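Okay, structure first, notes after.
The values are calculated or read from the model by the stated rules, or taken from the named source; none is laboratory data. Here the structure is a predicted model, which is why all the values come from computation and not from measurement. Reconstructed Cβ throughout: ideal geometry from the backbone, glycine too, with neighbour counts over all protein chains shown.
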């Protein structure tokens, strides 16, 4: 169980996986509330609605497939809560069945369990010597396993329904069973293969780079949540309006709708809105990812070619946007963000003695260490030559910053030269209200000069931390 949650956490840490998870949830809702999930063309009757659960388990892991399975179950429970559904479907509704706990276990519990187990099976299959073969095997048993679980829950909680695990074999004997498995295997196999392809990895890299480039923009998230809430309320109002209009229209023709019919009309209208909203969300998500891919090409063109860090212009552009958000935070308890400037000690000597290619290797190595140490809480740039800058946007205590700087000094000292070792000098100034990025840069540069005067290979803090003292290490 501990390994399951650790895997889930690793999955959630990747922005691209979050996009994929949201997309699969939207697809699940769209299929649940459209004919694509339940295709009935006589004599064919195919249920595709559980495919997003398989895709989540195969591509993301058991945590994601469990969540998508829960969405599947909730949608099923909602659809079963109308008056027009048959007695066999009514047991899936906690309202219609009269036994809410058992219905919730049947509708949601069986799908959650299906998502969890199928995700774990996919995880083991991908660890095998032949991952694709393993994925095909798990996908092939997916329909039967889902059917088995649903019928088993029906047999346990609603024995009077006359459905049980024996009905699973009837499903396997349908003439369309094998063609259906072929379709599902093609879909899941193609998705699995694409996600492991170099093209997908390049796309993932671009999307992650674009997200990291905008990760420092801290404002606007509350506005997005408010917009989502308002959209939901507005959608409900639209459904209520159309239900009332239909009732008024019927009355104008001398037909009076009962409360049950009015409820079912409202129920169907909400299903329609869920389907349209999920389709709109998918469209927006695809367009957004496409735009991120294009933005990355523009963004990449403005990076420093040697180190991959932000160039001067891009750093100061993003830094000003970031500083505005950072200065609005209350940093009294959690510390402050800071501006860091550093350069390589005696870098001209390195170039003169060992050649410019060796100097370039030193700069690239230092850039890698800066990204490793600070990338999750700072934007990092190269001013030019051997000068690097960073704006730490997450509030940090000075002790934490010192720990990171000592780590940086230690790793820079490991950079190999034919003679001696590489050192660096650093100036650090805290971010406080009222200071522009240019002013922070000038003050940090002054502290860098002090570090040079004190013997190099050290960092010097500015005085505007809480204890108002300069510190050199």
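For the range 207-218, does any single residue satisfy the condition of being in a helix (DSSP H, G or I), closer than 30 Å to residue 134 by Cβ and modelled with pLDDT of 70 or more? The answer is yes; a qualifying residue exists. Do the conditions hold for residue 333, that is, is it modelled with pLDDT under 85 and in the same structural domain as residue 454 (by TED's automatic domain parsing)? Criteria met by residue 333.
Residue by residue, here is whether (1) surrounded by fewer than 17 Cβ atoms within 10 Å (Cβ to Cβ); (2) touching a helix residue (DSSP H, G or I) at 6+ places or on another chain (Cβ under 9 Å); (3) closer than 18 Å to residue 337 by Cβ holds:
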position: 382; (1), (2), (3): no, yes, no
position: 397; (1), (2), (3): yes, no, yes
position: 411; (1), (2), (3): no, yes, no
position: 437; (1), (2), (3): no, yes, yes
position: 459; (1), (2), (3): no, yes, yes
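If I filter the range 244-256 for residues that are touching a strand residue (DSSP E or B) at 6+ places or on another chain (Cβ under 6 Å), over 25 Å from residue 19 (Cα atoms) and surrounded by 14 or more Cβ atoms within 10 Å (Cβ to Cβ), do I get at least one hit? Looking through the range 244-256, none of the residues is touching a strand residue (DSSP E or B) at 6+ places or on another chain (Cβ under 6 Å), over 25 Å from residue 19 (Cα atoms) and surrounded by 14 or more Cβ atoms within 10 Å (Cβ to Cβ). Among residues of the range 29-44 that are assigned by TED's automatic domain parsing to the domain that holds residue 70 and over 11 Å from residue 272 (Cα atoms), those with a Cβ under 7 angstrom from a residue that is surrounded by 14 or more Cβ atoms within 10 Å (Cβ to Cβ) and at pLDDT 85 or above, sequence gap 6+ or separate chain, pair up as 31/49; 31/52; 37/31; 37/49; 38/49. Put simply, of 165, 150, 224 the only residue that is modelled with pLDDT of 85 or more and assigned to a helix (DSSP H, G or I) is 150. Remark: residue 142 falls outside the filter, which requires a residue to be out of contact with any strand residue (DSSP E or B) (no Cβ under 6 Å at 6 or more places or on another chain), loosely packed, with under 15 Cβ neighbours inside 10 Å and either over 21 Å from residue 62 (Cβ atoms) or modelled with pLDDT under 95 (or both).
Restricting attention to the range 413-435, the residues that are surrounded by fewer than 16 Cβ atoms within 10 Å (Cβ to Cβ) and either on the phi > 0 side of the Ramachandran plot or part of a strand (DSSP E or B) (or both) total 4. Can you confirm whether the range 65-75 contains a residue that is surrounded by fewer than 21 Cβ atoms within 10 Å (Cβ to Cβ) and closer than 30 Å to residue 258 by Cα? So far as the range 65-75 goes, yes, one or more of its residues are surrounded by fewer than 21 Cβ atoms within 10 Å (Cβ to Cβ) and closer than 30 Å to residue 258 by Cα.
Each row is one residue, and each column tells you yes or no for (1) without any contact (Cβ under 8 Å) to a residue 12 or more places away in the chain; (2) within 13 Å of residue 54 (Cβ to Cβ); (3) in the same structural domain as residue 87 (by TED's automatic domain parsing).
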position	(1), (2), (3)
101	yes, no, yes
113	no, no, yes
121	no, yes, yes
140	no, yes, yes
150	no, no, yes
165	no, no, yes
182	yes, no, yes
189	no, yes, yes
